[in-house]
Amino acid sequence: MFSILRPINIFQRLKNTPISPLTSAKTLLSTLPTTTMATGNDVKITSWVRPDDKSGEYKRGQSAFRNWISNKPGAQFPPEKGRYHLYVSYACPWAHRTLITRKLKGLEDIIPFTAVHWHLGEKGWRFVTPDESLPGENVTADPLNNYSHLRDIYFSVDPEYKGRFTVPTLYDTKTKQIVSNESSEIIRMFYHEFDDLVAEKYKSVDPLPASLEKDIDTENEWIYDTVNNGVYKCGFATTQEAYEKSIPPLFASLDKIESRLAKSYSPSTPFYFGEALTEVDIRLFTTIIRFDAVYVQHFKTNVRDIRSGYPAIHRWVRHLYWDYPAFKETTQFEHIKKHYTKSHGQINPFGITPVGPLPDIMEKDEEVNSARK
């Protein structure tokens, strides 16, 4: 519901909306502007590069909510079973990180979640309606407030909010606040802040071991810039120059990852850092699993695909997908393919979703003809 602290500002926003004493908060929320997003509060949500930006380069905005769940005494947001609700999209690689981590750490009974519809429209992410049935766990209407769009939660927290309406969103049901919408920090909260509440076998799951933390941070930095966000720099570019500027760093980084995984692999050392599954595997997986499915054609990252051009990366991603339920069960290709191809009107104005590649992911012992030895 609306905060009662700023009613004048709310009604100034809604001055052209007929309001009666019976007008509901939900109705008021639905009338708020559609032009608040990462690109700025004067640009449409679906404009990924500002029209007045002559560089044509995609510039990702910063997350607005950066609070922290902590098990330290006196923390503003202490870990409690059922207190926090996670909003995600199966289409989004950033939200996907949190679903993987939630499952790896055995938090399913502690932090419930809701997945939005795959479509991102003029009002941002929306929840499914009662007549819709989509694949994936918990793709439902908003169970807390019955809002129609994720942005309604943001405006209920702050009616003057001018930031991004992003997934993942970690919401505190007790104080009605958004704890965080920064995926890299949410997953780190999940690592150990809830360890007093999880089953014993999950307490030892540590994607960020102290002995590797500096190395993980170093790898995350360049992988994020050139790969995780690099595909978006290619796909959302609005000039040929911006696109061609972003392609070389992406594939140079994929070549570097391929070389590392090829040299270090053995059945006992299948992960990025060898024996241990770490945060780097989690963060990289969500981009690589989408690469052939959407980025190659939709974001024009078609210098090479994964299944025929990067055998070590292909082996690595399939190992995670087929051998670890936390990766496979949180991957929904229908959401992924339809979101990108039907939500990005700047790139694909007719919203046509390509049939391939088929299969979405190959079996571990299956290869495309060009990759067979």
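Please check: in the Gaussian network model of the chain (C-alpha springs, under 10 Å), which one of PRO73, PRO207, PRO168 has the largest mean-square fluctuation.
Its mean-square fluctuation being the largest, the pick is PRO73.
Looking only at the chain, where both bridge partners belong to it, what percent of the DSSP beta bridges are antiparallel (to the nearest 5)?
Beta bridges within the chain, antiparallel portion: roughly 70 percent.
Measuring from centroid to centroid over Cα atoms, what is the spacing of the range 62-79 and the range 96-172 in Å?
19
Taking amide H positions as placed in the peptide plane 1.01 Å from N, state which residues far from VAL139 in sequence (5 or more) or on other chains have amide H under 5 Å from it.
Counting only residues 5 or more places away or on other chains, the set is ALA115.
Search the structure for amide H atoms under 5 Å from the amide H of HIS149, placed 1.01 Å from N in the peptide plane, and list their residues when 5 or more places away or on another chain.
Result for HIS149 returns PHE127.
Using the alpha-carbon centroid of each, what span in Å lies between the range 214-229 and the range 231-253?
17
How large are Rg and Dmax for the range 104-153 when calculated on the C-alpha trace, in angstrom?
11.8, 35
When the chain is treated as a GNM, springs tying every alpha-carbon pair under 10 Å, which of ASN228, ASN302, ASN145 comes out with the largest mean-square fluctuation?
ASN145
What does the charge count around PHE273 come to, taking other residues whose C-beta lies under 9 Å from its C-beta (Lys +1, Arg +1, Asp -1, Glu -1)?
Result for the local shell: -4.
Along its principal axes, what span do the Cα atoms of the range 136-185 show, with the longest given first and each in whole Å?
30, 26, 21
Charges only on Cβ, +1 for Lys and Arg, -1 for Asp and Glu: so what's the dipole of the range 210-371 about the Cα centre, in debye to the nearest 20?
For the range 210-371, the charge dipole is close to 480 debye.
Hey, got the dipole for the range 84-203? About the Cα centre, +1 on K and R Cβ, -1 on D and E Cβ, debye to the nearest 20?
That gives the range 84-203 a dipole magnitude of about 260 debye.
Collect residues whose amide H, placed 1.01 Å from N in the peptide plane, falls under 5 Å from the amide H of PHE77; neighbours closer than 5 in sequence don't count.
SER70
Could you give log10 I(q)/I(0) at q = 0.13, 0.20 Å⁻¹ for the range 210-371, computed by the Debye formula over C-alpha point scatterers of equal weight, without solvent?
The computed values of log10 I(q)/I(0) come out as -0.63, -1.45.
Which number do you get for Rg(Cα) / (2.2 N^0.38 Å) in the chain?
Relative to the 2.2 N^0.38 Å estimate, the chain comes out at 1.01.
Per residue of the range 202-218, what does 6.51 cos²θ - 1.76 cosθ + 1.60 with θ = phi - 60° give for ³J(HN,Hα)? Whole Hz please, x for Gly and Pro, Karplus curve as stated.
8, 5, 7, 5, 9, x, 10, x, 4, 5, 10, 4, 5, 5, 5, 4, 5
How large is ³J(HN,Hα) for each residue in the range 174-181, as worked out from phi by the Karplus curve 6.51 cos²θ - 1.76 cosθ + 1.60 (θ = phi - 60°), to whole Hz, x for Gly and Pro?
Result, ordered by residue: 7, 9, 6, 10, 8, 6, 7, 10 Hz.
Can you quote the Å³ per residue value for the convex hull of the Cα atoms in the range 92-225, rounded to an integer?
Spread over its residues, the Cα hull of the range 92-225 gives 138 Å³ apiece.
Karplus couplings for the range 56-71 from phi (6.51 cos²θ - 1.76 cosθ + 1.60, θ = phi - 60°), rounded to Hz, Gly and Pro as x?
With coefficients 6.51, -1.76 and 1.60, one gets x, 8, 7, 10, 6, x, 8, 5, 8, 9, 10, 7, 9, 7, 9, 8 Hz.
Let's test the formula: R0 of 22 Å, r as the Cβ-Cβ distance of GLU366 and ALA199. What FRET efficiency results, to the nearest 0.05?
Calculated transfer efficiency: 0.05.
Under the rule of -39500 (n - 2.57) per DSSP H run of 4 or more residues, summed and divided by the residues of the chain, what mean residue ellipticity at 222 nm is obtained, to the nearest 500 deg cm²/dmol?
-10500 deg cm²/dmol
Laboratory data are not the source of any read-out in this text; all were calculated from the coordinates shown. Because the structure is predicted, anything quoted here is derived from the model rather than measured. Quick reminder, even Gly has a Cβ in these numbers, built from the backbone with ideal geometry, and neighbours come from all protein chains shown.
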